Amino acid sequence: MANIKELSKIPERLTGGHRLCAGCGASIAVRQILMGTTSPVVAGAATGCLEVATTIYPYTAWNVPFIHNAFENVAATISGAETAYRALKKKGKITKDIKFVAFGGDGGTYDIGLQSLSGALERGHNFVYVCYNNEAYENTGVQRSSATPKGASTTTAPAGKASYGKPQMRKDLTAIVAAHNIPYAAQGSISHWNDVVTKSQKAFAVKGPAFLNILSLCHRGWRYRQEDTVKVSKLAVETGYWPLIEIENGKWRFTYRPKERKPVVEFLKTQGRFKHLFKEGNKSVLDEIQKDIDNYWEYLEKLVRAT
Amino acid sequence: MMTKKLIALTGDQAAAEAMRQIEPDVVAAYPITPQTEIVMNFSQFAADGRVKTEMIPVESEHSAMSACVGSAASGARTMTATSANGLALMWEIVYITASLRLPIVMPVVNRALSGPINIHCDHSDTMGARDSGWIQIYCENAQEVYENIIVAVKIAEHKKILLPVMVCQDGFITSHAVEGISIFPDDKVKKFIGEYTPEHSLLDVENPVTYGPLDLQDFYFEHKRQEAEAMKSALKTIPAVLAEFNKTFDKSHDLVEEYKLSDAEVAIVVLSSTAGTAKGVVDELRKKGVKAGLLKPKFFRPFPKARITKALSNLKAVAVLDRSDSFSGEGGPLFSEIKAALYESEKRPPVIDYIFGLGGRDIFPEDIKKVYKDLQEIKKTKKIKSPVNYLGIRE
């Protein structure tokens, strides 16, 4: 458990003045994650909102060493930095203990960066990979990704007369990552800050790769009022839409279990991206989404029991 | 006189041997034919504890170059190696490496770029990367591969240059043929290249630097201008580095190699291993009284224009042998650049192009003799019937 008084003493590593939107979930996620260690940190980011809005030359919002390379390769890039660190430490050219963290959006992680991530996880680099997951290519104007949920309307899988938006379920990336048998993987939501910081502390503490999939809302893409980011995040957790889980050395666990899961429509109705689902004729899609969530929750319960 | 060791090595092994002596901090590489033996041999050196290098056995060439960027930005001396489709897969990051001014040295074993798929030699892979901001050195034989990789480290890391370098050798022809290679003593190589101490490092947590920021209309142009200037001024700095290398190791490296060119009337311009074959033809023709010569550009990037113009402008006819096509309909890339270089010259010899050896098609002394014969005809008639020709092909 993180102590907020202690956390407040950690100097800001991502400063204000960057150009992310007011109410953006990404910067909240980054700041919570960077509270997970007091060691010096080297950060990398994939091309995306976070990188674009925090490093417009000649300005930077990063108070820690930072590298951006391209869209699909932040895991490989950080793996190079982490290896260089080991090589130079062995030579005595570096004496400090340094932590490495890579940030990628869901596009840069679930889709185009998946191979790079898988390679880095398999090689066992000592780094934390954070997917700041806003469930679409928000940076380029809300295109679908494999993290986009069923039924959401995006600009490349829009709702229309013949479509209810994305027909497929989102990819279960956390499980895919866990299948690499890394020491630590978890899902978090910025609404549950203490849960995120605690998971980040664990992720930075393990030896080897750790993965954090943090639901980091985008009010522009999800279409809700910018001041509601935390409220909508909370509903994602309370409805079971985004379960707070962790996989520690192969053991699955809920880190938070809502007393009673609210119906998923409570979450869906807050956002413009699902608005069309509430029109006549789409009730079956809403039922399907609820069923998917119930089934997935049951699947997680089985994993928790089995491990 | 320094003690030299003569050992039998292939071009790939010679590259690995140079890397063993350089002993980079980090090597991130992915195997691809015909580069594979470089990675295999070097991995064995690491496994046997003969180098302290940290290996990153990446899952693709894209990740190889990406990891190299992370490593080099962290202040580690970093190398990789590739061929053909592997270079194509890392393409995006090849440009980023140069723009970040990271002094990564990469042996490239030239191989035909798909499609159709083919594993044998031509220059379509690195010729495509000629505008990526990398220095390119082309090697005639395994000895040159060995020496150029060592000097490439010094060139790449030179404070006035700071650009990545490709050291290119012909796939299979050089990479898999065994030659007697003269090896320098380890300590002498290490002393020559020295320690790598970059001005900035990603691992300098006390002085955090942001690498790879978003660079828009305000500054992108200035940064690309700086990159262009770095390459241009490298042409002035490289000869000094080569001179230091020559002095240390008793060698005679230069930007270009002129072979029997001073009194020549006709000459061929060709890169890499084919220059060796052509030199034999020149010797034969000289015995018959033909004033034949050869120009082998060793550096293609930066393009040593002044040296090339000076070497060629007094000739009566010049043939360029291109081991890749540009599909412009106007010949290969070497041809275009040689012609452009001569445009500003007061004396402009007629220049003819021969595209040859694509996909590893062998080139024989007879083919090269035919080119010199054509040149003598051009010398006589001062006319070129067909500016772009294909050599050693069924048509």
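The values are calculated or read from the model by the stated rules, or taken from the named source; none is laboratory data. Because the structure is predicted, anything quoted here is derived from the model rather than measured. FYI the Cβ positions are ideal-geometry reconstructions off the backbone, even for glycines, and counts take in every protein chain you see.
A few comments on the model shown:
- Among the residues making up the range A:150-159, those that are under 16 Å from A:HIS219 (Cα atoms) and either in contact with a Cys (Cβ under 9 Å, 6 or more places away or on another chain) or surrounded by fewer than 23 Cβ atoms within 10 Å (Cβ to Cβ) (or both) are A:THR154, A:THR155.
- Condition met for B:LYS279 (closer than 21 Å to B:ILE308 by Cα, assigned by TED's automatic domain parsing to the domain that holds B:SER124 and in a helix (DSSP H, G or I)): no
- Look at the range B:146-166: where a residue is under 17 Å from B:ARG301 (Cβ atoms) and a partner is part of a loop (DSSP other than H, G, I, E, B) and charged (D, E, K, R), sitting 6+ places away or on another chain with Cβ atoms under 7 Å, you get B:LEU162/B:ARG101; B:LEU163/B:ARG101.
- Residue list for the range A:40-72, restricted to those being under 20 Å from the mean Cα position of the chain (by Cα), of a type in the set (A, V, I, L, M), at the interface with chain B (Cβ under 7 Å from one of its Cβ atoms) and not in a loop (DSSP other than H, G, I, E, B): A:VAL42, A:VAL52, A:ILE67
- Residue tally, condition part of a helix (DSSP H, G or I) and not aliphatic (A, V, I, L, M), over the range A:75-129: 21
- Boolean, B:SER328 is free of Cβ contacts under 8 Å to residues at least 40 places away in the same chain and touching a helix residue (DSSP H, G or I) at 6+ places or on another chain (Cβ under 9 Å): yes
- In the range A:1-39, the residues that are of a type in the set (Val, Ile, Thr), in a helix (DSSP H, G or I) and either more than 20 Å from the chain's Cα centre (by Cα) or at positive phi (or both): A:ILE4
- Being within 27 Å of A:ARG305 (Cβ to Cβ) and assigned to a helix (DSSP H, G or I) is a description that does not apply to A:LYS259.
- For B:GLY289, the conditions (1) buried (at least 19 other Cβ atoms within 10 Å of the Cβ); (2) without any contact (Cβ under 8 Å) to a residue 40 or more places away in the chain all hold with the exception of (1).
- Yes/no for A:ILE28 being out of contact with any Ser or Thr (no Cβ under 6 Å at 6 or more places or on another chain), of a type in the set (Val, Ile, Thr) and more than 7 Å from chain B (Cβ to nearest Cβ): yes
- Restricting the range B:79-89 to residues that are assigned to a loop (DSSP other than H, G, I, E, B) and in contact with a helix residue (DSSP H, G or I) (Cβ under 6 Å, 6 or more places away or on another chain) leaves a set whose member that is farthest from the other protein chains (Cβ to nearest Cβ) is B:ALA81.
- The residues of the range A:96-141 that are away from chain B (no Cβ under 13 Å) and surrounded by fewer than 24 Cβ atoms within 10 Å (Cβ to Cβ), listed by number, are A:ASP111, A:THR140, A:GLY141.
- A single member of A:SER8, A:SER118, A:SER39 is out of contact with any helix residue (DSSP H, G or I) (no Cβ under 6 Å at 6 or more places or on another chain) and closer than 21 Å to A:LEU173 by Cβ, and it is A:SER118.
- Out of B:LEU255, B:LEU214, B:LEU235, B:LEU242, sole residue that is surrounded by 15 or more Cβ atoms within 10 Å (Cβ to Cβ) and either modelled with pLDDT under 95 or within 13 Å of another protein chain (Cβ to nearest Cβ) (or both): B:LEU214
- When residues of the range B:63-78 are limited to those that are farther than 11 Å from A:ILE78 by Cβ and part of a loop (DSSP other than H, G, I, E, B), the one farthest from the other protein chains (Cβ to nearest Cβ): B:ARG77
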